[in-house]
Every structure is written in structure tokens, then in C-alpha cells.
Amino acid sequence: MLFYKLYKDADGRKVGFVQGNEACVEAALLAGMRFFAGYPITPSSEIAAVSAEKLPMLGGRFIQMEDEISSMGAIIGGSMTGKKTMTATSGPGFSLKQENLGYAIINEVPCVIVNVQRGGPSTGLPTQIAQADVMQARWGTHGDHPIIAISPASVSQVVTSTIRAFNLAEKYRTPVILLMDETLGHMREKIVLPREDEIELIDRKQTEDTPEEFKPFATKHGDVPLFAPYGKGYRYNITGLIHDEAGFPTTKTDEVVSLLDRLHSKINDNLDDIVEVCEFQTEDADTLLVSFGSATRSCISAMEKGRAEGKKIGVLQLLTVWPFAEKQIVKLTEKIKNVFVVEMNMGQIIGEVSRCSHRDAVVTGINKYNGIYITPQEILEKVKESR
Amino acid sequence: MKSAIHDYLRPKKKFPHVWCPGCGHGIILASIVRAIEAAGKNRDEVVVVSGIGCSSRAPVYVDFSSIHSTHGRALTFATGVKVANPKLTVIVISGDGDGMAIGGNHFIHACRRNIDLTMIVFNNNIYGMTGGQASPTMPQGDYASTAPFGTLERPFDVCKLANASGANFVARGVVTSPIPLEKHIKKGIEKKGFSVIDVAETCPTIYNFFNKTGNPLKMMKDLKAKAIPVQKANTMTEEELKGKIVTGVFADRYYPDFTTSYDKIIMDSAKRSMKDEESI
């Protein structure tokens, strides 16, 4: 059952007043998602429910799996047939998915994992907001690995971010984490979905080699190997073991190093394409609020209130949380030395901000982790206190 | 004579394989290959999925699309492959530790879901690759590195578990009788819905190390002597069946499978979505 309705506007775009979770599915379908596997968990359950309702209308398929681990396994298996796949969860489920997330990374399987964050650790605050899975998104799965995580701040940004998550997953053949949060997942805002002719969709590049020539992890076309879907005559192996270009297990030291190096370089050599930030009034600012996800909204309000009182506040939203926007922080802190990192956790991304900031910059955390959304007033007060 | 097996080994063979001399895994893998061929499946449309362990190395050696997945999760990857592309024939290879312990929940739910996969359990009652820990099918009282005083727990009967959980086809073969084993696997592949073929076999290296069960030949002979066809077993008392391995077909049903049922939802939804579009 759907709890929202979309209407077509004069330009043929679908518009609606929808939740972040609902918008996520609408955007995923636009991006080409045709398979979803999930498990019930608050506050992400609407994503599964809307997927169950809408996927079959487009010839896609939905499955409710027996647990979080199997949902992650299923979207990897589904992606190997060439479909665009997604799963959605929250903290406890995200913990359970970590091992298979690593499998998707090492086998370069495109897929999107939505984490609608809630308070933790453990069962934590199931119905309340937190942004405390930032470091887990980065380092949750074991071993050296790169990751892409995107964190939208509004329902319409959920639409663009979800489409972008699929595009990055396909382009770089990697799992992409869409880091939402409870407030964003459940609040309603107006969205205008782009028409199909208005969005650029990226599909993973398919091999043109013959099955005899084909190697699933060949580097001859660059750092991102070309894909062959299962069932089309390319009979190859994938494994969670370190593997050679043909996909078979190896312990040869040079092959180990070249796989790990390439997994990293395919992301790290393309930071300009992957890392996206939004700057608000940073040109003349002497105080910078760095944030991500729904906390950004209160930062923008705090900025506006502060500016009305004559305080030159600017805001930097880390739309791409991982890889970290190192270059942007370096540049901004060259001129802005008063930096506040606003996050609804006990201080996670602040470590990265401090690491990248100019040595003269003073980086202070503004944190809230009691399950209640942070307000512009709270941010502004902290900014004033620190002066 | 060149057999089907040679034709299905990977062209750039990944040999020697990891299995010990006298291990039953090769016999089971050969039976799977012959069964796939006998079932007339196009090898391009077959995907073999495994988990972690000695048995789960099997897909590396044979020329199909293959996923060597994570420990216990073969069924989850296989479910994704099958649901995303129901045209594919998906075969799952798992061991008794991989499939019944860490993957036990996926197993009963695959049975309940009755998804069209064929799962072959390489059942040697022990974790071989990690050095001989007690598995969920180890007979009570047998020894393992983690059961130095004999295992206290009672074993799962894979076939009873599958049967009770709703799989369409459930059978048990034994490595010492590869012909009926191959027939069971072929039937499983042809069957719509979830099929489980439990295969009783031996681990002459690790099991023998902890239980002094003898050399590979002796272990094979003992296994053969323990195997009792289900028809005969039905006439025997519980006391007589102690320590025996009952073989044969335990369930052969025709419940609708998941992906076929889902196709109907897609047909209905397409009609409904057209109506929705009009109302916008």
C-alpha cells in the first residue's frame, strides 16, 4: 500500500509531497533499479514496502529476505546478472551487512546500500535520529578498501543523490552507500522528479571481448574492469579471495598488491568526479559550519539567523562523505579559520576535518546525540559561546 | 573414453585441486557435472554458487559461471541470481558446516520460499578446511578439535530439516553409489522449486585424525555398509537404524516455486500501473 501519490505537472514531471524514504525508491526506479532485497528495520522499512509495490509494475523484482545478511548477498547475486540492485537498512542491519559489503567491493559488484541512520550502539534509538554510522560506512567491513558514501540533506536531494549513487556504482563498479537518517527518511517535502529525458544514467560498461578472451578483472581498459552478465556465455568465477585478472584465487604477492592498489586507485584517482560538496555563503565567511545529511539544514538556518545579526557564517555540506572532501577543506580553511563541525554523533567526521584543515584553523565540534534533531538556535549558541 | 567431466573442466585448469587423496568431493562434483549434462542444460545458463570450505572450492574447477561467496551465504547470493534472472539454472554447493550451521537459517528459508535452486550438501560431518571442528551433522559422541571429549550435541538430519521446511524435492545419496546420486541431482535440477540433495561422504584426513576411522578405502567401505535405502529402512526398527544412513528420495512435491509465482505478480502489476498512469 502506498501512502503518497504523484501527480504530473504541466511539464510532464511527476510531483508529490513525499517522505525521504519514498523519494529514495522513486529515484532508484528512475535510475534503473530492477531488483531489491531487504529485511524489515526501522526507520528504513518504507523503502522496502514501496519497492515491493512498485518494482513489479516495471517488470522488476522484490524479495523480502530472511535477514540483513541475506539481503546483501541477494543484491550482489542479482547484480551479477546485470541488474541494478539496492537494499535498505539501518544501524543494526548495516552492521550485519558488512562482510558481504566487502565481498561486493573486492568483486567490484555495483549495488546501492541505503542506511537510514538511527541512534546506536546496538538497538539504540530505533525511531530517532543519529548520524553515528559515518565511520562504520567508511571502515565497517574488514580489510583495506575504498568506499563511496553520499549523504543528502533534503527530500529533493534524496532524489538526486539516489540517482547519483546508482550512477557512481555503475561507473566505478563498486557498492555505494546512501547515508540517510531518520529525520530525512520520514519527513515530507515536495519533490519534482526529473523526466526520463532530463537525467543522465550510467550503465556499467560491458565487455566486447569474446568469451575466450574475456577476463573479469582485466585492467587493459583502465582501472574499472568491463562487465559481462551471468547467463550470456561468459563463464567466469568470482571469489572473495584475493584473485587474479581471470577471477581465480591467488597468493602471488604482485597480484595481491596490484588488485588492492587498483581497487583504491579507481576511486582515489577520480575524486573530482566523485566528491561533491555544497557551499553556502562561504565567499565572505569568517566562520564555517561543516556538516552533512539532515544536520546541514539547521546549519543553513543558523547561518541565515547569524547573518541577520551580522555574523559572517558560511556552510559546507559534505554531500559526498566518503571519499572525504580533503581538497575542499584545505582550500576553505586557508581563509576561514573558525571551523565548526556539526554532526549528530559524539564527533566522527570532525577527525577528518581536523586532519585536513589549515594548521591555524580552530576546529570545534557541535554535537547532539540524544535522539532529537539539532536546531539552528543550538548551533548558533555554540558558535557564540566559542568566540 | 573421454567423459563429460573433462569437457566441463575449466579450460585453464586450476589444478591441482585443494582436496586430499581419498576425499569424496571429486565424486560428488563429477556427479553434479554429469547430472547437469543429463538434464540437458545449456552451460552458459548455469550458475554455480558456493560458500566457504573445502567443498565450496568446487565451482572453481568447473566451466560454469560461478560465485565463490562468503561463509554460509551461498543460498543468499544464489537467491539473488535466480530472482534477478529466473531463466538461469542455479546450483548451490555447500558443506555441512557452511550450509547447516552458519548458513542454517538461509537453508530453512530457501526451503520455505521454495525458490527454484538445487542445493547439494557435501556432508562429511566435520569442518575440514579449518582443521576439524565439530559440525552440526557430526554424530553425537564423535571427536573433533573442538570436541576433544566427544561432541555433546545431536546432529541435524539434513533431509528431515528440508522436508519439514517445505522443499519440493529432498533426497540423500552417498559417494559410494554415484549412479543413484547423479540421478537424484538430475531430478533436483529438473524439479521446479527448491531441491536438496544431501550427500553422505568421508573426510579421510581430518575425520580420521580425530576418530581413527581408518584409511580412505576402509572409510568408504564402512560408509557403504551404513547406507540403507529408504524402502528397506521403512521396514526396520529405530534400534536397527542406529548408525545407519538412510538414502533415497524423501520428498517429491509440486508446490509453486517463488519466481514462477512472482511472474504472475508482474503480469498483474503491469496492468495496474497502466491504470494508474491514466488517472494521473
>> Within the range A:279-386, count lysine pairs with alpha carbon atoms under 25 angstrom apart where the residues are 8 or more positions apart or belong to different chains.
In response: 29
>> Give me the base-10 log of I(q)/I(0) for the range A:279-386 at each q in 0.11, 0.16, 0.17 Å⁻¹, Debye formula, one uniform scatterer per Cα, rounded to two decimals.
In response: -0.28, -0.61, -0.69
> Of B:Val49, A:Met344, B:Tyr254, which is farthest on the positive side of the dipole of the protein assembly as shown, counting Cα position, with +1 on Lys and Arg Cβ, -1 on Asp and Glu Cβ, and the Cα centre as origin?
Replying inline: B:Tyr254
> For the protein assembly as shown, with the dipole built from +1 on Lys and Arg beta-carbon atoms and -1 on Asp and Glu ones, taken about the Cα centre, which of A:Pro323, B:Ile266, A:Met303 lies farthest toward the positive end?
Replying inline: B:Ile266
>> Run the reach check for B:Lys87 against lysines, Cα to Cα strictly under 16 Å, same-chain hits fewer than 8 apart removed. What comes back?
In response: A:Lys83, A:Lys232, B:Lys41, B:Lys191, B:Lys192, B:Lys264
> Which percent, to the nearest 5, of DSSP beta bridges fully inside chain B are antiparallel?
Replying inline: 20
> In peptide A:231-244, how many Cβ atoms from other protein chains are near each Cβ within 10 Å, on average?
Replying inline: 6
>> Per-residue counts of other Cβ atoms within 10 Å, averaged by peptide: what ranking do you get for A:306-317, B:156-167, highest first?
In response: B:156-167, A:306-317
>> Explain nothing, just the number: dipole magnitude of the range B:22-279 about its Cα centre with +1 on each Lys and Arg Cβ and -1 on each Asp and Glu Cβ, in debye rounded to the nearest 20.
In response: 400
>> Just to check I understand the Karplus step: with θ = phi - 60° and J = 6.51 cos²θ - 1.76 cosθ + 1.60, what whole-Hz values come out for the range B:94-111, glycine and proline as x?
In response: 8, x, 6, x, 4, x, 9, 9, 5, x, x, 5, 4, 4, 5, 6, 5, 4
> Where a ≥ b ≥ c are the square roots of the eigenvalues of the C-alpha gyration tensor, would you call the protein assembly as shown rounded, which needs a/c under 1.5, or, failing that, prolate if a/b is larger than b/c, or oblate?
Replying inline: prolate
> Between A:Asp197 and A:Thr210, what is the spin-label point distance in nm, taking each point 7 Å from the Cα along the Cα→C-beta axis?
Replying inline: 4.2
> Tell me, what ³J(HN,Hα) does each residue in the range B:228-241 have, in order and in whole Hz, if you take phi through Karplus 6.51 cos²θ - 1.76 cosθ + 1.60 with θ = phi - 60° and put x for Gly and Pro?
Replying inline: 10, x, 4, 4, 5, 4, 4, 9, 9, 7, 4, 4, 5, 7
>> Projecting each Cα onto the charge dipole of the range A:11-198 (Lys/Arg +1, Asp/Glu -1 at the beta carbon, about the Cα centre), which of A:Val109, A:Met65, A:Ala153 comes out farthest on the positive side?
In response: A:Val109
>> Charges at C-beta only: +1 for Lys and Arg, -1 for Asp and Glu. How large is the resulting dipole of the range A:134-268 about its Cα centre, in Debye rounded to 20?
In response: 200
>> Run the reach check for B:Lys218 against lysines, Cα to Cα strictly under 21 Å, same-chain hits fewer than 8 apart removed. What comes back?
In response: B:Lys226, B:Lys242, B:Lys244
> Across bins of 5 angstrom width beginning at 0, how are the C-alpha pair distances of the range B:132-280 distributed, in whole percent?
Replying inline: 2, 9, 13, 15, 16, 13, 9, 6, 4, 4, 3, 3, 2, 1, 1
> Sorted by average packing, counted as other Cβ atoms within 10 angstrom per residue and highest first, what order do B:216-229, B:181-194 take?
Replying inline: B:181-194, B:216-229
>> Given Cβ point charges of +1 (Lys, Arg) and -1 (Asp, Glu) and nothing else, what value in debye, to the nearest 20, does the dipole of the range A:279-386 about its Cα centre take?
In response: 40
> What ³J(HN,Hα) values, in whole Hz, does the Karplus curve 6.51 cos²θ - 1.76 cosθ + 1.60 give for the range A:372-377 when θ = phi - 60°, with x put for Gly and Pro?
Replying inline: 10, 4, 6, 9, x, 4
> Of all DSSP beta bridges located in the protein assembly as shown, what percent are antiparallel, nearest 5?
Replying inline: 25
> In units of 2.2 N^0.38 Å, what is the alpha-carbon radius of gyration of the range A:11-198?
Replying inline: 0.93
> If packing is taken as the mean number of other Cβ atoms within 10 Å per residue, what is the order of A:218-227, A:30-39, B:238-247, highest first?
Replying inline: A:30-39, A:218-227, B:238-247
> Counting only residues 5 or more places away or on other chains, whose amide H sits under 5 Å from the amide H of A:Asp181 once H atoms are built in the peptide plane?
Replying inline: A:Gln117
> By its C-alpha gyration tensor, with a ≥ b ≥ c as the square roots of the eigenvalues, how is the range B:15-94 shaped: rounded for a/c under 1.5, else prolate for a/b larger than b/c, else oblate?
Replying inline: oblate
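None of the figures in this text is laboratory data; all of them are computed from the coordinates on show. These numbers come from a predicted model, not from an experiment. For neighbour counting, all protein chains shown are included, and Cβ atoms are generated from backbone atoms with ideal geometry for every residue, glycine included.
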